[in-house]
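Structure, as structure tokens:
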Amino acid sequence: MKTVSLSGALRAHVGKKDAKKLRREEKVPCVIYGGKEQVHFILEEKDFKKLLFTPETFHILINIDGKEYSTVLQDIQYHPVSDKVLHADFLEVVPGKPVAVPIPVKYEGTAPGIIKGGKLITKMRKVKVKGLLENIPEYITLDISNLDIGNSIKIRDINLDNLQMLDVPSAVVVSVKTARGVKVETGEEGEEGEESSETTEE
């Protein structure tokens, strides 16, 4: 995982009134948990741009008044109208203790089903894994070179060394579907299947 560093400051007061004041100042109330004690602090709203507008998942080093915390982002609350960040939870990474994080999925190879006119349907852009931080990669790569029309890769098909997959085993990560106007052979020469109306990514 890539590492980014942020600088925060301890919250002088904890409460709804103080939180509203901080947000007016374009600051975000945050908490670090999972370690010996919870740490309530604030980050600049602009600091979240490097964390949110990317498919990547980061190992985040947060410096608060001279003390550094090793963390991963666990949860963010957004304003229902403006989508501004209202609050963020960070999990402290404790040496030897596994963490659960989502990691992005990338693909390699060319699916035979696409060559035949099928459409690659990406169901999950990230998958959730659990393991020690040092064993968690920046992303996972799935080989789609065996995917024909109607084939898919499910969570149960993914094996990562020293990591546990947390999503439902039957969940489809990626599949190849029939595009509109493409007819698929059923196995007997000359016999064709019905057309599929699925044309957009779900």
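Rule-based calculations on the coordinates, nothing more; no lab input. All of these numbers come straight from a predicted model, not from anything done at the bench. Please note: Cβ atoms are built from the backbone with ideal geometry, for glycine as well, and neighbour counts cover all protein chains shown.
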(message) Need one word for the range 2-94: rounded, prolate or oblate. Basis is the Cα gyration tensor (sqrt eigenvalues a ≥ b ≥ c); a/c below 1.5 gives rounded, then a/b vs b/c decides.
(response) oblate
(message) With 10 angstrom as the radius, rank Phe90, Phe48, Phe53 by how many other C-beta atoms surround their C-beta, starting from the fewest.
(response) Phe53, Phe48, Phe90
(request) Taking 7 Å along the Cα-to-C-beta vector as the label spot, tell me the Asn162-Thr141 distance in nanometres, rounded to one decimal. (result) 1.9 nm
(request) Extending each Cα 7 Å along its Cβ direction at Glu108 and Ala12, get the distance between those two points in nm, one decimal. (result) 5.4 nm
(request) Please label the shape of the range 24-143 as rounded, prolate or oblate, based on the square roots a ≥ b ≥ c of the eigenvalues of the alpha-carbon gyration tensor (a/c under 1.5 means rounded; beyond that, a/b larger than b/c means prolate, else oblate). (result) oblate
(message) Give me the mean projected area, in nm² to one decimal, of the convex hull enclosing the Cα positions of the chain.
(response) 14.5 nm²
(request) Please figure out what share of the DSSP beta bridges in the chain is antiparallel and state it in percent, rounded to the nearest 5. (result) 70 percent
(request) Grab the DSSP H runs of the chain that are 4 residues or longer, score each as -39,500 (n - 2.57), total them, divide by all residues and round the 222 nm result to the nearest 500 deg cm²/dmol. (result) -2000 deg cm²/dmol
(request) Arrange the following residues from fewest to most other Cβ atoms within 10 Å of their Cβ: Lys119, Lys2. (result) Lys2, Lys119
(request) Mind giving me the nanometre distance, one decimal, between the label points for Glu25 and Lys130, set 7 Å out from Cα along Cα→Cβ? (result) 3.9 nm
